[in-house]
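As structure tokens, the structure follows; a few thoughts come after it.
The values are calculated or read from the model by the stated rules, or taken from the named source; none is laboratory data. All of these numbers come straight from a predicted model, not from anything done at the bench. Using ideal geometry, Cβ is built from the backbone for each residue, glycine included, and neighbour counts are taken over all protein chains shown.
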Amino acid sequence: MKRFTCLIIFCLGVGLAATAQQNPLSTLFMTNPFVLNPALAGTNNYFQVISGNRFQWVGFTDAPITNSLSIYGPMVKYPMGWGGTISYDVAGPVSMGTVHGSYAYHYNINEDMKISMGLNMGIMQYKIDFAKIEMEVDDPTMNAKESYYLPDANLGAYFYSSTFHVGLVVSHILNNKIKIGTDPTGDSRLKSHFYLTGGYKYYINREWAIEPSVVLKKVWPAPFQLDFNTRVWYRNMVWGGLSYRTQEALSFLLGYTWERKIYIGYSYDLVLNPLGAHNLGSHELMLGYRFNDIKE
């Protein structure tokens, strides 16, 4: 019996269908929000490099795998920041590679509160290997590999202080059309995704702190999706927590920071939707390094 696993992943994992979210998921969003919001560039006085690796729906054939590498930081003499991100997402016959550069400008509202605006621009490559899609009837035209290069741009705003932050992001503002096979379709288009983020870090005492954060996502015509996360910190060094993504998963979070230089994060997603019966959950890893301060 022929299996259509690749085709299912094509629709569900990458989301070229009109009703799906097209951007890869991330449970450890709070450890590297720059991947989503270009306005984060320059919000700290140092550069940092962060890698992320997500293995979604482990045990499910051709499940999505997402890898990313980011570096960002401030400009020394100006209230600006810059950075870049490389990412690669693969799910069965479909892969997507991106290279983006970011710029952000910061404005001081007062001594503690600031606001920044960021722009992210780059190139996306969609690649489809039709030979990996098993069909009931053999079609010699479906054995080729096709690649498409598309320009892409994202906008972000970020309001922040030493204890709280609020962000707004609009991704894929160019709404480029993607061809599938030989015929372009109106449904195969990069749709704009809207993200509203927020978080607050409350220090209980000198050793303990609690940090709730939320991410509200929307892409039409898909329903709203909410990520609610809570991390508990000990001495700003070790943290653990829980995350809940509506219609998707309950996640367990762990992290460690060594000498305020090297930080590691891990999450495990317990899938709650019907796909949970066919996989062993999702794993995500984060590894980051903080360079020395270059601004006072």
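Annotations for the structure displayed:
- Which listed residue, of Ser68, Ser95, is among the small types (Gly, Ala, Ser), within 23 Å of Ala153 (Cβ to Cβ), at pLDDT below 95 and not in a loop (DSSP other than H, G, I, E, B): Ser95
- Search result, residues across region 162-179 that are of a type in the set (Ser, Thr, Tyr) and surrounded by 15 or more Cβ atoms within 10 Å (Cβ to Cβ): Ser171
- Of all residues in region 71-92 being surrounded by fewer than 21 Cβ atoms within 10 Å (Cβ to Cβ) and outside any strand (DSSP E or B), the one that is farthest from the chain's Cα centre (by Cα): Lys77
- Top-ranked residue in region 115-131 [being in a strand (DSSP E or B) and among the hydrophobic types (A, V, I, L, M, F, W, C); ranked as modelled with the lowest pLDDT]: Ile128
- Meets criteria (among the β-branched types (Val, Ile, Thr), closer than 30 Å to Ile178 by Cα and either within 18 Å of the chain's Cα centre (by Cα) or surrounded by fewer than 19 Cβ atoms within 10 Å (Cβ to Cβ) (or both)) for Val219: yes
- Residue match in region 230-238 (condition: over 20 Å from Leu40 (Cβ atoms) and in contact with a Lys or Arg (Cβ under 7 Å, 6 or more places away or on another chain)): no
- All positions within region 182-214 that are polar (S, T, N, Q), outside any strand (DSSP E or B) and modelled with pLDDT of 85 or more: Ser192, Asn205
- Taken across region 158-181, residues that are more than 22 Å from Ser251 (Cβ to Cβ), touching a Gly at 6+ places or on another chain (Cβ under 6 Å) and modelled with pLDDT of 95 or more do occur, with at least one present.
- Top-ranked residue of region 21-50 - restricted to ones that are surrounded by fewer than 21 Cβ atoms within 10 Å (Cβ to Cβ) and touching an Asp or Glu at 6+ places or on another chain (Cβ under 6 Å), ranked as farthest from Tyr268 (Cα to Cα): Asn45
- For region 245-270, the set of residues classified as touching an Asp or Glu at 6+ places or on another chain (Cβ under 9 Å), without any contact (Cβ under 8 Å) to a residue 24 or more places away in the chain and not in a strand (DSSP E or B) consists of Thr246 only.
- Which listed residue is under 30 Å from Tyr149 (Cβ atoms), hydroxyl-bearing (Ser, Thr, Tyr) and touching a strand residue (DSSP E or B) at 6+ places or on another chain (Cβ under 6 Å), from Tyr244, Tyr268, Tyr195: Tyr195
- Just one residue in the set Asn279, Asn273 is modelled with pLDDT under 90 and in contact with an Asp or Glu (Cβ under 7 Å, 6 or more places away or on another chain); that residue is Asn273.
- Test for Asp112: is it within 20 Å of the chain's Cα centre (by Cα), modelled with pLDDT of 90 or more and of a type in the set (Asp, Glu): no
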